[in-house]
Structures are given as structure tokens and as C-alpha cells.
Amino acid sequence: MGPRSEPDLRQLHDVGRVREGLPGGRHRVRRTDRRRRHRAVPRGARALPHAPGGGDVVTGLFVTIDGPGGVGKSTVTTAVAAELRSAGVAVCQTREPSDTPLGRLARQGTETYRGMAMACLIAADRYVHLDEVIRPALAQGTTVVCDRYIASSLVLQVLDGVDRDVVWELNRHADMPDLAVIVNARTEVIEKRLTSRGAHSRYEREPGNAARECTAYRETARFLMAAGVRVLQLDASAASPDEIARAVAVAIQELWTRGSA
Ligand SMILES: Nc1ncnc2c1ncn2[C@@H]1O[C@H](COP(=O)(O)OP(=O)(O)OP(=O)(O)O)[C@@H](O)[C@H]1O
Ligand SMILES: [Mg+2]
């Protein structure tokens, strides 16, 4: 898929389930682990049928939002959470690196830790985040909206010199999201936003980084789709955060509708 110049708010890719034989073997694609579970639905939506085998456990939807530094992930994550809450959905808005001591170490340590050390630190933080925040929220039926997750690792750690297969393997036991949103934009748009907001990390300060990240997120979207993850790619070049949030909410609603059909 080549770079797009026009906003594209409705591109949903659904390639089903994880296949054996991918780099690093089988990862946890959540909907394959869903026997005896169904998702929490917003008020007014029909309840999902129970999966074969029965059971009455409600599980929330796990949505992640990734994309190049400065593209607008945090702004969009907040807008998505607000949009869902206003529809009556219980939402846990969270982010990676997480707000745990390990996550703070990673967030504040981008100048200190690089390559494999950073890849391990980010993966370790992800496992703590899953155990302490994400899985408990999902188990209560809360929809989790996470600012940065696996796609960011597959881009930043790889740009930092770690093999993608190694990053993938480090994340072998991490749950894959039900919906991985990748927000992208034209390089010049990202550079302009970064200039007016200011860079957050060494990645964002490196010359030519925005173009490299744009390309790497497109490749990562393809990689995740091939691994069975449902990916929604959105172009934020000319779209407001609210428009993007609405497109994400539409995709989430489609998942609920599809699940309850
Ligand atoms: N769709 C948009 N249109 C115009 N400006 C935007 C849009 N989305 C975000 N912005 C602005 O761009 C800047 C970067 O947004 P934000 O901090 O959300 O990016 P980010 O992807 O979370 O960055 P980082 O990777 O550094 O966390 C902010 O000043 C924000 O207000
Ligand atoms: Mg951010």
C-alpha cells in the first residue's frame, strides 16, 4: 500500500485469525481465546451470543492506537474515549509506556536506553501493564483504549536496530488487540505538528524520522494483518481528531454489531 494524500477514514482490514508459522510462532490474538466469553456492549446494542461451550463472562474490547510521533495519537485516544463514554460505554483510557514505575523508567529513559535494552524494557512494561491494568479492565467488561501498543514496538524498536522477529518474539505472550488503529499522515503534516508542539523523545528529534516512521507504520500494519490482527488505518493529514475518533467509534460499533448478528 503506497502513501495516500487524501484522508481515508473508513478503511477496515479484517483478515481473521492468527496463522501458525509466522515469525515467533503463535501470539495471543484475543478473539481466538474467547471461548466462554463475550464482549461488553454499549447500552442499546444487542447482547452478543455466548460462544460455543456457553459461559456468561463479559469481556471488554481492546483497542490500541499507534502511529508516528506527533501524528495525534494522544489527542485521538482522548477523543475516542470521550466518544465511547458519551455512548454509555465503560472505558479505561491508558497508554504505553504505562503509568507504572517500569513504564515511567521507559518513558523518561529514551535518551539512556536503546536497542535491545529498550525493547526488553518496553516488553516488560507491557506485561506489567497487561497484568495490572488491561486484563483486569477487560475482565470487568470495560473497553480499553490504549495510546501506543505493539505496533509502536514493531516500529520504534526496529528503527532502533532490533530485528523485527526478536521484537515479535519478546511480545509472544502479549494479548493482541481486538482492533489495532494506526493513525498516519503525510510527513510534512507530522513535521509541522511536531514543530508547533515540540518533540517528546530522541526518536522524534532525529532528522528524517517522520518519513521513516510513516513508512514503517504502513509496513507494520501489513505485518499485523498477516498475523491475524484486525487493523484500521486512518489518514490524519486533513482530518480533525474528532473525525478520526468518530471513524474509530464506527469501527468499534461494527465489531459489536458483527458480534451480535
Ligand atoms: N488531527 C489533527 N489535526 C490537527 N492537529 C492535530 C491533530 N491531531 C493532533 N494534533 C496536534 O498535533 C500535536 C501532536 O498531537 P499528539 O501529542 O496527540 O501526538 P502523539 O501522536 O500523541 O505524539 P507522541 O508520539 O509524541 O506522543 C498536538 O499539538 C495536537 O494538538
Ligand atoms: Mg502522545
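Remarks
- Selected residue [in contact (Cβ under 8 Å) with a residue 40 or more places away in the chain, closer than 20 Å to L121 by Cα and crowded, with 19+ Cβ neighbours inside 10 Å] from L170, L232: L170
- Cβ separations smaller than 7 Å between residues 6+ apart or across chains give the following pairs from the stretch 68-79 residues that are in contact (Cβ under 8 Å) with a residue 24 or more places away in the chain to residues that are within 8 Å of ligand 2 (Cβ to nearest atom): G69/H200; K73/D147; K73/R148; S74/D147; T77/D147.
- So A226, is it modelled with pLDDT under 95 and more than 17 Å from R126 (Cβ to Cβ): no
- Complete set of residues in the stretch 86-101 that are surrounded by fewer than 18 Cβ atoms within 10 Å (Cβ to Cβ) and more than 17 Å from the chain's Cα centre (by Cα): S86, A87, G88, A90, T100, P101
- Residue count for the stretch 108-120, restricted to those that are modelled with pLDDT of 95 or more and either of a type in the set (D, E) or crowded, with 18+ Cβ neighbours inside 10 Å (or both): 2
- Residue check for D131: surrounded by fewer than 19 Cβ atoms within 10 Å (Cβ to Cβ) and either among the charged types (D, E, K, R) or at positive phi (or both): yes
- Among residues that are touching a Pro at 6+ places or on another chain (Cβ under 7 Å), surrounded by fewer than 21 Cβ atoms within 10 Å (Cβ to Cβ) and touching a residue at least 24 places away in the same chain (Cβ under 8 Å), T64 is not included.
- When P177 is tested against (1) exposed (fewer than 15 other Cβ atoms within 10 Å of the Cβ); (2) under 16 Å from the mean Cα position of the chain (by Cα), just one condition goes unmet, and that condition is (1).
- Being within 20 Å of F223 (Cβ to Cβ) and among the β-branched types (V, I, T) is true of I122.
- Looking across the stretch 37-81 at every residue that is at pLDDT 60 or above and more than 30 Å from R202 (Cα to Cα), the one that is farthest from ligand 2 (Cβ to nearest atom) is identified as V58.
- Test: N209 is over 19 Å from the mean Cα position of the chain (by Cα), within 13 Å of ligand 1 (Cβ to nearest atom) and buried (at least 21 other Cβ atoms within 10 Å of the Cβ): yes
- Total residues in the stretch 83-119, condition touching a residue at least 60 places away in the same chain (Cβ under 8 Å) and within 16 Å of ligand 2 (Cβ to nearest atom): 1
- Entry remark, the stretch 155-171: residues being out of contact with any Gly (no Cβ under 9 Å at 6 or more places or on another chain) and farther than 22 Å from I65 by Cα number 1 in total.
- Only listed residue being more than 30 Å from T112 (Cβ to Cβ) and of a type outside the set (D, E), chosen from A236, A211, A199, A216: A236
The values are calculated or read from the model by the stated rules, or taken from the named source; none is laboratory data. What you see is a predicted model, and the numbers here were worked out from it, not measured in a lab. All Cβ positions, glycine included, derive from the backbone under ideal geometry; neighbour counts span all protein chains shown.
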